[in-house]
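Input: a single structure, listed below in structure tokens.
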Protein chains: 2
Amino acid sequence: MPRFSVVLVEPQTSGNIGAVARLMVNFSIKEIFLVDPTNIDDEAEARAMHAKDLLEKAKIVEDYQGLLKRFDMVVGTTGIHTEKEKKFLRKAETPEKFANSIKNHEGKIALVFGREDKGLNNEELKSCDRLVRIPSSEEYPILNLSHAVGIFLYELHKVIGDPSVKNEDKISEASERERLIGNFSEVLEMVNYPEHKREKTEIMFRKILGRATLTKWEYHRLMGVFSQILQELEKKSG
Amino acid sequence: MPRFSVVLVEPQTSGNIGAVARLMVNFSIKEIFLVDPTNIDDEAEARAMHAKDLLEKAKIVEDYQGLLKRFDMVVGTTGIHTEKEKKFLRKAETPEKFANSIKNHEGKIALVFGREDKGLNNEELKSCDRLVRIPSSEEYPILNLSHAVGIFLYELHKVIGDPSVKNEDKISEASERERLIGNFSEVLEMVNYPEHKREKTEIMFRKILGRATLTKWEYHRLMGVFSQILQELEKKSG
């Protein structure tokens, strides 16, 4: 079964942190990281109710990119809905779809929630393997932070909460997918793929691997394909 | 389509009322009744954010049983889980099941939420046509009032939805993915990928594209990458 951690990036409202702690115990999620929280006061404790233990064990960190290295998969969240296929940075799946796609996998997964007012910035979105958005009204789509966390954890609990669910494929590690994307870039380089399209195409490749929940076995096989392509291109250019 | 109203019975925390108002606009539910609220202060308005209009239109009532007469169906909620069949008063279905069962019906439906600390009393439970409970952890099953409302409304919205929301991403067509897989095979051929591994690797590629639900835009971009690889390999072998 996958193991989930909640990551709040620069949460601004202390009450929200407490509410999130409560929701985590409500839905059996154990680990929380707070990246540069604005402040944590009595309101957090009041709203945590019977989840004060979890709140006390919250890990406060500064280095967001460093934190991500601890996980096999990083799942970002957004409140912004885009109709445009090309706005791939904001292209998101539903929590339900995500939960169903991940339930038979093993691995350490970060669920990342952005600031109350501005969400995650583009740099942060780029480093996510997948992106989830809660379907909501067009009139006012932006949920309060803790309610977004609650609905996401509820969906995970619904699908994964049942400990009787087994059968797991090992998810490829982040560093493995990084290598794969590295090889992909190298191929683009060697075939003179247009410079200005390269970054977007690499990000697209990362998102495809993420949405597919690439397994270890698939990683090894794709690596095999890429090395063979690279070898052949080098041989011919050499 | 059914029309839903939220009914909060003796809500004690003003902030929760505001949070519920916000959630209602988030999930396109228009009408709220407050039965004997303890107090409504600035905190309600602060947490309502862009849902202040709805908050102002909240109807405060005293006669709970009288209120119920306005509805075609009354749905209560409980945080207590019971396995015992005899405790029929607390026998509940999930929000998901409820939403699915009601989606093709018309009528006016009350979603009734009890007090933060004690929920609905036995008299109130008896007057409900149905009872819904959000599945949660055994360790600490009781959700904050506004989070329970949020999850319930989210499930309704998911199933019954926002008629304005369309399906956004155009999925690539089967014939397009077929072409992509054809190009992939051609690359394997040209780089002398081991014959005996080829079929499995092609199938794997197909599954990855499938699981990722490849979009049209992604299809075109991947086709671009493949043609460039093929072109380069041909040039060098030619």
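Just so it is clear, none of the values below were taken in a lab; they were calculated from the coordinates. Predicted model only: the values in this text are computed from it and were never measured. Positions of Cβ are backbone-derived with ideal geometry, glycine not excepted, and every protein chain shown enters the neighbour counts.
Here are the numbers for the structure shown:
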| read-out | value |
| --- | --- |
| Segment B:174-237 shape via C-alpha gyration tensor axes, a/c threshold 1.5 | oblate |
| Three-way shape call for chain B based on the alpha-carbon gyration tensor, with the a/c threshold at 1.5 | prolate |
| Net lengthening on full extension, A:THR94/A:GLU186 (0.36 nm per residue, minus Cα-Cα) | 29.9 nm |
| At R0 = 60 Å, FRET efficiency that the Cβ-Cβ distance of B:ASP36 and B:SER237 yields, to 0.05 | 0.15 |
| Label-point gap, in nm, between A:ARG198 and A:LEU230 - each point 7 angstrom along Cα→Cβ | 1.5 |
| Trypsin sites (Lys or Arg not before Pro) lying in DSSP loop within segment A:1-78, provided at most 16 other Cβ fall within 10 Å | A:LYS30, A:LYS57, A:LYS69, A:ARG70 |
| Extended-chain gain in nm, criterion 0.36 nm per residue less alpha-carbon gap, B:ASN122 and B:HIS105 | 3.3 nm |
| Selected from B:PRO194, B:PRO95, B:PRO135 as most flexible by GNM, with chain B as the system and alpha-carbon contacts under 10 Å | B:PRO194 |
| GNM result for chain B, Cα springs below 10 Å: residue of B:HIS157, B:HIS196, B:HIS147 fluctuating most strongly | B:HIS196 |
| Reachable aspartates and glutamates, given that their alpha-carbon falls under 13 Å from the alpha-carbon of A:LYS57 and they are not under 8 places away in the same chain | A:GLU31, A:GLU45 |
| Label distances, nm, B:PRO2 versus same residue in remaining copies, Cβ-directed 7 Å point | 3.0 |
| Top positive-direction residue, dipole computed over chain B with Cβ charges, set B:TRP217, B:LEU156, B:PRO135 | B:TRP217 |
| Cα shape, segment B:1-59, gyration tensor, a/c 1.5 rule | oblate |
| Dimensionless Rg ratio for the protein assembly as shown, taking C-alpha atoms and the 2.2 N^0.38 Å reference | 1.10 |
| Distance (nanometres) between label positions extended 7 Å along Cα→Cβ at B:GLU178 and B:GLU43 | 6.3 |
| For A:131-143, mean number of other protein chain Cβ atoms within 10 Å | 6 |
